[in-house]
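The values are calculated or read from the model by the stated rules, or taken from the named source; none is laboratory data. Everything quoted here is computed from the prediction, not taken from an experiment. A quick note on method: Cβ atoms are made from the backbone with ideal geometry, for glycine too, and the neighbour counts reach across all protein chains shown. Protein only, heavy atoms only, side chains kept; ligands, DNA and RNA dropped before computing areas. Shrake-Rupley method; radii C 1.70, N 1.55, O 1.52, S 1.80 Å.
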Amino acid sequence: MQYIIEAENLRKRFGDVVAVDGVSFRVVPGECFGILGPNGAGKTSTIRMIYGFSPMTGGHLKVFGLDIQGELRAIKSRIGVCQQENTLDPDLTVQQNLEVFARYFDIPKNEAREKARELLQFIALDHRKNAKVTELSGGMMRRLVLARSLINDPELLILDEPTTGLDPQSRHQVWERLEELRSKGLSILLTTHYMDEASRLCDRLIIMDHGRILVQGKPLELIREHVGYDVIEVAGPNSKLRAYVQSRGLEHEDLGHRLIVYGQEGDTLFRTLSNQYCREGCTLRMATLEDVFLKLTGRELRE
Amino acid sequence: MNGIISISLSKRFLRVWQRNLTVYQRIWKISFIPPLLEPLFYLLAFGVGLSALVGSILYHDREVSYINFIAPALIAINIMYNAFFENTYASFVRMYYQKTFDGMMATPLFIEEIIAGEIIWGGTKSVIATAIMMGVISFFGLIHYPHGLLLLPLAFLGGIAFGSIGMFFTAIVPSIETFNLPIFLFVTPMFLFSGTFFPIENLPLWAQKLAILLPLTHLVKLTRSFSFGLIGAELLWNFTYLLTFCLIFFPLALFKMHHRLIK
């Protein structure tokens, strides 16, 4: 089996700070693989090593079966990258951004022009091709970054928080484009801290914290394994309810002003709780990836 | 680390150079004006206004008019300014504010190629500015041809020298305001004391020795000799100085930039 990415015991240190501390994972062709984690978990540091932006401190890393140490240029020419920061060229127009970028990949002029036309259509920006980048909205810029990362027909697309800071309409636009690319068989590596984004796009994912992998698996399986099917949230729980939850040995999390009960019983438990302990402020919902995430990485602020 | 730097530099730096050319083509109408007007202003102020006071100057046993004396120095100053400002302020903006280099690093390009492309673009801007200035100055009959044509390749060499040291500063300054320091301590003294507006022989001996260390002194000597059509073996020393300057600061700029950006 030829893996798209094979990372083994990947490590990255900045001075005394260990950003990535022994991370191992494999990405198979055609899958969308997610790296999740709170701020400072080591997501960006991990993917920067993969696209050759920063050299690794230790471990082994192969992309397309090629060793990153010796064949970085070959690897770099076969991947597309959407960086977290806006790196669009403000000195150039929308179309020039694509064409100039194509030159960095040694794509011949005519081919680049044709490809740029295609991509501008794909991201619905063909009507703005002569606009300056600075005139575009945030959503348009992100779509243009996406288009630019596809200029070399990459075999692997790396996205570092592709929808951070976008309005809901723009996020859905980007997601639809990404789903289209995935359905065509493009392998995607994605970092995000939006759980809905990860659930929707990722076939498999890892959750990282403090430079290490906490869990690895398919979104739904992770939810089942770590949270269950349902979650009952109680706002302003009273002591009787707490006592009941404890006596039944239900898996729960007590946040003081809020009690969260994870479980498999769903409706029955919810009816019991809401009838007997909390007429108001008690909600039953499906378990999500966010529950897994918060359960594993905790609820303290990361700054 | 050294191995990485040596293999990372291929002719792909041309792609970066081309990017800057594409931008230049968008804004050439504005970029064109300073090298066109600046020599005119200087020639008017110094050549017409000041030469009435100065009269003529003795240069290498020849009597030359003051306007003739400073015209080649204006070219040298322009070579310095174009490359130095391109590879300080303009490169810093691309690196720090526009993240242009970050974007490029997500392509087959390596940082050494990006920086080499930037410096060679700086040299190219010096050549463009020199060509425009030569047009203006030749109009007043102040350049001796065909020797004067040597000014173009010289502009490239001088541009690489000043671009390299500019890029070296770009790699080490913490913020864009810090460029004031090398400009105040390095560029401005050169502008004044490199045999530009008066022969360095007029300086006290200790100052002359200092002036010899400045790269602009050697560039001015060469532009003046080429403009006067005085080609001699002694120019080899000035040429060697500039070349050595490039050979030190070009790799140093690449190395320091690698150090700054590759974390």
Subject >> Sole exception among (1) within 14 Å of another protein chain (Cβ to nearest Cβ); (2) surrounded by 24 or more Cβ atoms within 10 Å (Cβ to Cβ); (3) in a loop (DSSP other than H, G, I, E, B) for B:Pro108, by number >> reply: (2)
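Select the helices (runs of 4 or more DSSP H) contained entirely in the stretch B:137-241, then report the ones holding at least 3 residues which are open to solvent by 70 Å² or more (accessible area, probe 1.4 Å).
Working: elements: B:151-172, B:188-193, B:205-213, B:215-228.
Per the criteria, B:151-172, B:205-213.
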Original post:
Looking only at the stretch A:92-114, which residues are at the interface with chain B (Cβ under 9 Å from one of its Cβ atoms), surrounded by fewer than 22 Cβ atoms within 10 Å (Cβ to Cβ) and not aromatic (Phe, Trp, Tyr)?
Top reply: A:Leu92, A:Thr93, A:Gln96, A:Glu99, A:Arg103, A:Asp106
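Residues of the stretch B:243-263 being more than 14 Å from chain A (Cβ to nearest Cβ), surrounded by fewer than 20 Cβ atoms within 10 Å (Cβ to Cβ) and not polar (S, T, N, Q), which ones?
Across the stretch B:243-263, the qualifying residues are B:Leu243, B:Leu247, B:Ile248, B:Pro251, B:Leu252, B:Phe255, B:Lys256.
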Subject >> Set B:Pro34, B:Pro39: member being out of contact with any strand residue (DSSP E or B) (no Cβ under 9 Å at 6 or more places or on another chain) and within 30 Å of A:Asn97 (Cα to Cα) >> reply: B:Pro34
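Quick check on this structure: which one of A:Arg142, A:Arg73, A:Arg103 is basic (Lys, Arg), at pLDDT below 95 and over 24 Å from A:Thr192 (Cβ atoms)? Working first, answer last.
Values: A:Arg142 fails: over 24 Å from A:Thr192 (Cβ atoms); A:Arg103 fails: at pLDDT below 95.
Criteria check complete, one pass: A:Arg73.
Does the stretch B:219-237 contain any residue that is within 26 Å of B:Ile115 (Cα to Cα) and not small (Gly, Ala, Ser)?
For the stretch B:219-237, residues within 26 Å of B:Ile115 (Cα to Cα) and not small (Gly, Ala, Ser): present.
Scan the stretch A:179-195 residue by residue and report those that are on the phi < 0 side of the Ramachandran plot, of a type outside the set (S, T, N, Q) and out of contact with any strand residue (DSSP E or B) (no Cβ under 6 Å at 6 or more places or on another chain).
A:Glu179, A:Glu180, A:Leu181, A:Lys184, A:His193, A:Tyr194, A:Met195
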Original post:
From the list A:Glu300, A:Glu233, A:Glu290, A:Glu253, which residue is assigned to a strand (DSSP E or B), of a type outside the set (A, V, I, L, M) and under 29 Å from A:Gly211 (Cα atoms)?
Top reply: A:Glu253
Original post:
For the stretch A:44-65, which residues satisfy the criterion of being within 14 Å of the chain's Cα centre (by Cα) and open to solvent by less than 10 Å² (accessible area, probe 1.4 Å)?
Top reply: A:Thr46, A:Ile47
Original post:
Which condition number does A:Leu259 fail, the rest of (1) at pLDDT 85 or above; (2) surrounded by fewer than 19 Cβ atoms within 10 Å (Cβ to Cβ) being met?
Top reply: (2)
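Take the residues in the stretch A:124-162 that are more than 24 Å from A:Ile50 (Cβ to Cβ) and not in a helix (DSSP H, G or I), then tell me which one is most open to solvent (accessible area, probe 1.4 Å).
The first filter runs over the stretch A:124-162 and keeps only residues more than 24 Å from A:Ile50 (Cβ to Cβ), leaving A:124-140.
After this cut, where a residue has to be not in a helix (DSSP H, G or I) as well, the list is A:124-125, A:129-132, A:136-137.
On the way: A:Ala124: 44, A:Leu125: 0, A:Lys129: 86, A:Asn130: 115, A:Ala131: 10, A:Lys132: 85, A:Leu136: 12, A:Ser137: 59 Å².
Step by step, filter the stretch A:124-162, then rank; the result is A:Asn130.
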Original post:
From the list A:Asp230, A:Asp160, which one is within 14 Å of another protein chain (Cβ to nearest Cβ) and touching a Lys or Arg at 6+ places or on another chain (Cβ under 9 Å)?
Top reply: A:Asp160
Original post:
Out of curiosity, is A:Arg258 touching a Pro at 6+ places or on another chain (Cβ under 8 Å) and outside the structural domain of A:Asp21 (by TED's automatic domain parsing)?
Top reply: yes
**OP:** Mind telling me which of the residues A:Arg200, A:Arg258 ends up being of a type in the set (D, E, K, R) and under 30 Å from A:Asp160 (Cβ atoms)?
**Re:** A:Arg200
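Being of a type in the set (Ser, Thr, Tyr) and open to solvent by 80 Å² or more (accessible area, probe 1.4 Å): is that true of A:Tyr244 here?
Numbers: of a type in the set (Ser, Thr, Tyr): yes; open to solvent by 80 Å² or more (accessible area, probe 1.4 Å): no.
The answer is no for A:Tyr244.
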**OP:** Determine which single condition A:Leu222 fails, assuming it passes every other condition in (1) without any contact (Cβ under 8 Å) to a residue 24 or more places away in the chain; (2) assigned to a helix (DSSP H, G or I).
**Re:** (1)
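Restricting the search to the stretch A:79-91, which residues are open to solvent by 50 Å² or more (accessible area, probe 1.4 Å) and either over 24 Å from the mean Cα position of the chain (by Cα) or at the interface with chain B (Cβ under 9 Å from one of its Cβ atoms) (or both)? Write out each step before concluding.
First, pick out the residues of the stretch A:79-91 that are open to solvent by 50 Å² or more (accessible area, probe 1.4 Å): A:84-86.
Listed by number, the residues that qualify are A:Glu85, A:Asn86.
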**OP:** Take the residues in the stretch A:66-77 that are under 23 Å from the mean Cα position of the chain (by Cα) and buried (at least 17 other Cβ atoms within 10 Å of the Cβ), then tell me which one is farthest from the other protein chains (Cβ to nearest Cβ).
**Re:** A:Ile68
Subject >> Matching residues, the stretch B:7-21, being open to solvent by 80 Å² or more (accessible area, probe 1.4 Å) and at pLDDT below 80 >> reply: B:Ile7
